[in-house]
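Below: the structure, in structure tokens.
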Amino acid sequence: MKIKLRNTRQKELLSEEIIKFKTFFTAEEFFIKSSKKDSKLGIATVYRFLNDLENKRQIHSYICNRKKLYSLNHKSHCHFICEKCSKIEHIEINSLDFLKNKISGMGSMCHFQIDVIGICNNCKEK
């Protein structure tokens, strides 16, 4: 993926570093990785960079454990959350064809985030 923004030295560095992420990442993880290459890089610059990319729909964001996660891919993000112990498990859902059919008159689906709430096996056994 080629990130297109007005180039400054720091934005160039951030563009080079962001494409190295192959999965979800936080702004803090991105900052730590990028600041190793430029110690003058500020966290505010990283947040502005990510917000710019998100506004231009070049990255996606999700909420996980009350943290914002980012992804370069059109990956979906899903959880099973136990309502008794609050344990969160990531789950893989590759297809929501039934949902695509429901929204076909409204538009097309790019990615999704789903939280499934229930009771985990450990809590059921107690």
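The values are calculated or read from the model by the stated rules, or taken from the named source; none is laboratory data. Note that the coordinates shown come from a computational prediction; the quantities given were computed from them, not determined experimentally. Because the Cβ atoms are built from the backbone with ideal geometry, glycine has one as well, and the counts that use them run over all protein chains shown.
What to note about this one:
- Matching residues, segment 60-90, being farther than 14 Å from residue 24 by Cα and aliphatic (A, V, I, L, M): 81, 88
- Some residue of segment 6-18 being of a type in the set (Val, Ile, Thr), more than 14 Å from residue 59 (Cβ to Cβ) and at pLDDT below 95: yes
Here is a yes/no grid of residues against (1) over 13 Å from the mean Cα position of the chain (by Cα); (2) under 15 Å from residue 17 (Cα atoms):
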residue	(1), (2)
38	yes, yes
50	no, yes
64	no, no
72	no, yes
75	no, no
81	yes, no
84	yes, no
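- For segment 98-109, the count of residues that are closer than 16 Å to residue 23 by Cβ and either in contact (Cβ under 8 Å) with a residue 40 or more places away in the chain or surrounded by 12 or more Cβ atoms within 10 Å (Cβ to Cβ) (or both) is zero.
- Considering the conditions (1) of a type in the set (D, E, K, R); (2) surrounded by 11 or more Cβ atoms within 10 Å (Cβ to Cβ); (3) part of a loop (DSSP other than H, G, I, E, B), residue 22 is excluded by exactly one of them, (2).
- Residue, nearest to residue 115 (Cα to Cα), within segment 59-96, restricted to residues that are part of a loop (DSSP other than H, G, I, E, B), touching a strand residue (DSSP E or B) at 6+ places or on another chain (Cβ under 7 Å) and modelled with pLDDT of 90 or more: 83
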